[in-house]
Amino acid sequence: MAPRAKSERITIRDVASDAGVSVAAVSKVLRDAYGVSEALRAKVRASIDRLGYRPHAAARGMRGQTYTLGFMIPDLHNPFFADILGGINTALERTQYQLLLGVCESEPATERALLEAMIDRRMDGLILIGSRIGAEHLAALADRIPTTVIAIHPKSDVNYDTVNNDDPLGATLVVQHLVAAGYRHIAYLSQQMNINDKAMVTRQREVGYRAAMKEAGLARNIQVVYAGQTRREAQTEARHLLEQRNRPDAVFCWTDFIALEVLSVARDLGLSVPGDLAVVGYDNTSYCDLAQNALTSIDQSGQVLGLQAARLLIERIGGREKSEHYMVTPRLVARASSAGPTRRA
């Protein structure tokens, strides 16, 4: 082929010419059409790589699929979202799909605007984590585009797929572990939200926490505190909680990101962990294993959640209409942050 000016876009015809095949053959490879031999696929892929050909997303969208997926997360601070992203990327490795990220900062209006932008760009499907747009808007969204939702437990049958762990069970495991270790005044530090939606995972964990406390005979010690997602908000609420005259001897946090802030505040106040205070998180992110944290946490297999979310979304894009709801069984990973108190209140 003659050299091409940098401003000129490589076309499907260029790929066909380079590979010595027809344009129709290249199109079949790009579409993963049935009946394409491995030899033809390899020849075309080699030319695509050599020429640096990229299909025009808008044009592909007009013909059918763009092979792009939208991934909406609440914020960039929670390390658990990286675990989920790792699972999604693993699921997409051998596909043509590419993932585009949206960050809504847990604001429903921002989330709705970003979702509309993704639809306008003709993305083939969406994966949402902890969506704040509400049940009605989620149902309307899924009518327009294939959708998989993580961290939402719908109350009834819905027109989208969900991937979760058993959040009430996870909270139950935390309370049972802390009670067995000798703690009695166990507080739950939850997430402050603008909507009172029991489908949210934080609410589901609160349900499990309350039930387990009652089951342990500790109903009078139930204490739920709500904090925002920022470090400053979490630190402020943790400080208020731990400076109380009758402070708790254990704090169960809705996510590791918040639990790490509680550890920091506790040490700043001169409290020993776990002697004066136990701290337990949720997600079992890699930071839990660091010696300075040694954070007990609930493992809900973030990579599995991401992998299964991508699998379900691709299946729905492929034509499946019946909703599926994948559930992971959580397990508690005990570390030094909850080893046992030096005194009992």
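Observations on the structure shown:
- Computed as a quarter of the hull surface, the mean projected area of the alpha carbon convex hull for the chain stands at 20.7 nm².
- Contour minus Cα-Cα distance for GLU321 and LYS155 (0.36 nm per residue): 57.9 nm
- Contour excess over end-to-end distance, with Cα ends at ALA109 and ARG245 and 0.36 nm allotted per residue: 45.0 nm
- Inter-label distance, SER27 to LEU269: 6.8 nm, where each label sits 7 Å from its Cα along the C-beta direction.
- For MET123, the accessible surface of its heavy atoms amounts to roughly 20 Å² (probe 1.4 Å, protein chains only, rounded to the nearest 10).
- The stretch 218-345 - accessible surface per residue (Å², probe 1.4 Å): 47
- Pairwise label distance in nanometres, THR90 with ASP120, each label 7 Å out on the Cα-Cβ vector: 3.6
- Applying a DSSP loop filter and a limit of 14 other Cβ atoms within 10 Å to the GluC sites (Glu not before Pro) in the stretch 264-345 leaves GLU321.
- The chain - percent of accessible surface contributed by carbon and sulfur, probe 1.4 Å: 49
- For the stretch 295-305, 3J(HN,Hα) per residue [Karplus equation, 6.51 cos²θ - 1.76 cosθ + 1.60, θ = phi - 60°, Hz, x = Gly/Pro]: 8, 5, 7, 8, 8, 10, 6, x, 5, 5, 4
- Estimated from the Cβ-Cβ distance and a Förster radius of 30 angstrom, the FRET efficiency linking THR230 and HIS137 is about 0.75.
The values are calculated or read from the model by the stated rules, or taken from the named source; none is laboratory data. Only a predicted model underlies this, so the values are computations on that prediction, with no experimental measurement involved. Neighbour counts are summed over all protein chains in view; Cβ atoms, including those assigned to glycine, are modelled from backbone coordinates with ideal geometry. Remember, those area values only see protein heavy atoms, side chains included, never the ligands or the DNA or RNA. Shrake-Rupley method; radii C 1.70, N 1.55, O 1.52, S 1.80 Å.
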